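This report refers to the structure that appears directly beneath it.
The values are calculated or read from the model by the stated rules, or taken from the named source; none is laboratory data. Model, not experiment: these values are computed from the prediction. No Cβ is skipped: glycine too gets one built from the backbone with ideal geometry, and neighbour counts run over all protein chains shown.
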Amino acid sequence: MNTNCYGNYLRSHDVLLLLDPRLGDEARNYSLFISQNFPVPKPFTLQAMRERSENVNRKANEKLIGTFNGTEEERQIKIDDNTEIPITIYTPANANKDKMVVFFHGGGWTQGSRKTHQTIVNMLADATKSIWISVEYRLSPENKFPIWLDDGCEVTQQILANKTSYGGDENTKVGVAGDSAGGLIAASVCHTIKNLAFQILVYGAFDFAYGTESCKEFTSPEHILTPAILAWFSSNALRNEEDKKNPRASVLLHESFEGLPPCLFIVAELDPLRDDSYEYQKKLEKAGVKTKLVLIKDVIHSYFSLPGIYEKACGQTIEAVTEFMNSL
């Protein structure tokens with residue numbers, strides 16, 4: 001694992017010029033928040049970056065922590081003789097049992113956790129009056145593809161087969177959701193696991209080739225996620241170049257998209273992964289899958305887990321998810 005190139009690149013975020021005039025106030029506030037409060041750790045290590053990710057989300061969302069109107073339960077799902085995957089079940093006080101969501105966090109398959117995404121998942125559970133189950137799949141580079149994806153498939157399958165054990169009933173519709181790296185996991189799970197009722201994909205990465213126009217457009221430090229960082233994530237998430245051509249990893253390469261569940265795409269306007277969602281929506285629509293795409297304007301990648309800073313953008317996202325789930 002080569003951390004030096006990523007660390008050197010990230011240090012350019014510490015002095016942000018904010019050259020892109022399209023950034024909205026919330027995106028600018030976030031860029032300044034990062035540069036002023038969370039410089040890249042020295043020495044640069046993956047563990048330090050994982051801790052930084054949790055600290056960023058904790059600080060950014062501190063005014064919202066503890067506002068969840070419901071219960072949370074820690075569980076373990078055994079997927080083989082040697083491995084148990086931690087999950088957290090978030091059940092709002094006024095939850096009904098018609099829908100349940102299995103959620104996979106973002107973080108480039110190398111960082112992020114249930115903790116980094118707890119606030120937004122709590123808010124979504126409250127707004128949709130449904131149970132959300134957040135999954136602590138194993139991270140790379142310690143656990144490269146397909147391990148993190150197999151974790152997602154196995155956990156989803158067990159929840160789907162045992163809905164009553166997780167707060168649902170026999171008629172509960174189970175769907176998947178995820179952002180960024182977790183968006184890919186959610187999308188890929190739908191190609192493997194049948195009988196899922198819906199999918200919610202927030203600025204997902206759907207092709208490891210990274211050849212879209214948006215990937216060529218958003219390359220500056222103020223965009224936070226850039227092609228250089230995407231390449232670093234990929235080098236840690238995948239075993240080799242051949243994995244990039246595997247449809248389980250690059251879901252846009254699947255030959256068939258028929259029979260997939262209805263899909264809500266949430267897209268950040270100023271994001272190198274933006275066009276991945278446009279392309280994937282075209283594939284699903286051509287196959288007759290019901291879709292809806294909501295573009296969140298003036299924001300960059302990573303906004304989703306930071307409702308404490310992106311109040312307006314996250315509010316629009318929560319509204320879109322609630323409307324989508326109510327329509328099913």
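Please list, ordered by first then second residue, the pairs with beta carbon atoms under 6 Å, 6 or more apart or interchain, first in the range 179-190 and in contact (Cβ under 8 Å) with a residue 40 or more places away in the chain, second outside any helix (DSSP H, G or I) and charged (D, E, K, R).
Between residues of the range 179-190 that are in contact (Cβ under 8 Å) with a residue 40 or more places away in the chain and residues that are outside any helix (DSSP H, G or I) and charged (D, E, K, R), the close pairs are 188/248.
Return the residues of the range 251-264 that are assigned to a loop (DSSP other than H, G, I, E, B), among the hydrophobic types (A, V, I, L, M, F, W, C) and in contact with a His (Cβ under 8 Å, 6 or more places away or on another chain); say none if nothing qualifies. Reasoning before the result, please.
Our first condition is that a residue be assigned to a loop (DSSP other than H, G, I, E, B); within the range 251-264, this holds for 254-262.
Then drop every residue that is not among the hydrophobic types (A, V, I, L, M, F, W, C), which leaves 257, 260.
Selection gives 260 alone.
Consider residue 256 against the criteria (1) closer than 20 Å to residue 318 by Cα; (2) free of Cβ contacts under 8 Å to residues at least 40 places away in the same chain: it satisfies all of them except one. Which criterion is unmet?
Tallying (1) closer than 20 Å to residue 318 by Cα; (2) free of Cβ contacts under 8 Å to residues at least 40 places away in the same chain, residue 256 fails exactly one: (1).
Going through the range 19-47 one residue at a time, which ones are assigned to a helix (DSSP H, G or I) and charged (D, E, K, R)?
Going residue by residue through the range 19-47, those that are assigned to a helix (DSSP H, G or I) are 25-37, 46-47.
The answer is 25, 26, 28.
Considering each residue of the range 59-86, count those that are in a loop (DSSP other than H, G, I, E, B) and touching a residue at least 40 places away in the same chain (Cβ under 8 Å), and give that number. Steps first, answer last, please.
First pass over the range 59-86, keeping only residues in a loop (DSSP other than H, G, I, E, B): 61-69, 81-82.
Checking the rest, the ones that are also touching a residue at least 40 places away in the same chain (Cβ under 8 Å) come to 61-65, 67-69.
So the count comes out to 8.
Inside the range 116-218, counting only helices (runs of 4 or more DSSP H) that do not spill past its ends, which hold 1 or more residues that are under 13 Å from the mean Cα position of the chain (by Cα)? Let's see the steps before the verdict.
Working: elements: 118-128, 147-161, 181-192, 213-217.
Once the helices (runs of 4 or more DSSP H) in the range 116-218 are filtered for at least 1 residues that are under 13 Å from the mean Cα position of the chain (by Cα), what remains is 118-128, 147-161, 181-192.
Identify, please: which residue in the range 308-322 is within 12 Å of residue 294 (Cβ to Cβ) and among the hydroxyl-bearing types (Ser, Thr, Tyr) and is, among those, nearest to the chain's Cα centre (by Cα)?
Ranking the candidates gives 317 first.
Kindly evaluate residue 267 against the criterion of being assigned to a strand (DSSP E or B) and either within 16 Å of the chain's Cα centre (by Cα) or surrounded by fewer than 17 Cβ atoms within 10 Å (Cβ to Cβ) (or both).
Details: assigned to a strand (DSSP E or B): yes; either within 16 Å of the chain's Cα centre (by Cα) or surrounded by fewer than 17 Cβ atoms within 10 Å (Cβ to Cβ) (or both): yes.
Considered against the rule, which asks whether it is assigned to a strand (DSSP E or B) and either within 16 Å of the chain's Cα centre (by Cα) or surrounded by fewer than 17 Cβ atoms within 10 Å (Cβ to Cβ) (or both), residue 267 comes out as yes.
Looking only at the range 91-106, count every residue that is surrounded by fewer than 22 Cβ atoms within 10 Å (Cβ to Cβ) and either assigned to a strand (DSSP E or B) or under 20 Å from the mean Cα position of the chain (by Cα) (or both) and tell me the total.
3
Do any residues in the range 37-49 that are closer than 19 Å to residue 59 by Cβ have Cβ atoms under 8 Å from those of residues that are at pLDDT below 90 and among the acidic types (Asp, Glu), where the two are at least six apart or on different chains, and which pairs are they?
Sorted first by the residue in the range 37-49, then by its partner, the pairs are 39/14; 40/14.
Between a residue in the range 301-327 that is over 15 Å from residue 125 (Cβ atoms) and any residue that is of a type in the set (Ser, Thr, Tyr) and assigned to a helix (DSSP H, G or I), which pairs come within a Cβ distance under 6 Å, given they are 6 or more apart or on different chains?
These pairs meet every condition: 309/30; 310/303; 313/303.
Give the residues of the range 67-124 that are touching a Phe, Trp or Tyr at 6+ places or on another chain (Cβ under 8 Å) and modelled with pLDDT under 95, sorted by residue number.
Matches in the range 67-124: none.
State all residues of the range 237-250 that are of a type in the set (D, E, K, R), part of a helix (DSSP H, G or I) and either touching a Leu at 6+ places or on another chain (Cβ under 9 Å) or surrounded by 18 or more Cβ atoms within 10 Å (Cβ to Cβ) (or both); if no residue qualifies, say none.
244, 245
Can you find a residue in the range 223-236 that is of a type in the set (Gly, Ala, Ser), crowded, with 17+ Cβ neighbours inside 10 Å and under 26 Å from residue 289 (Cβ atoms)?
no
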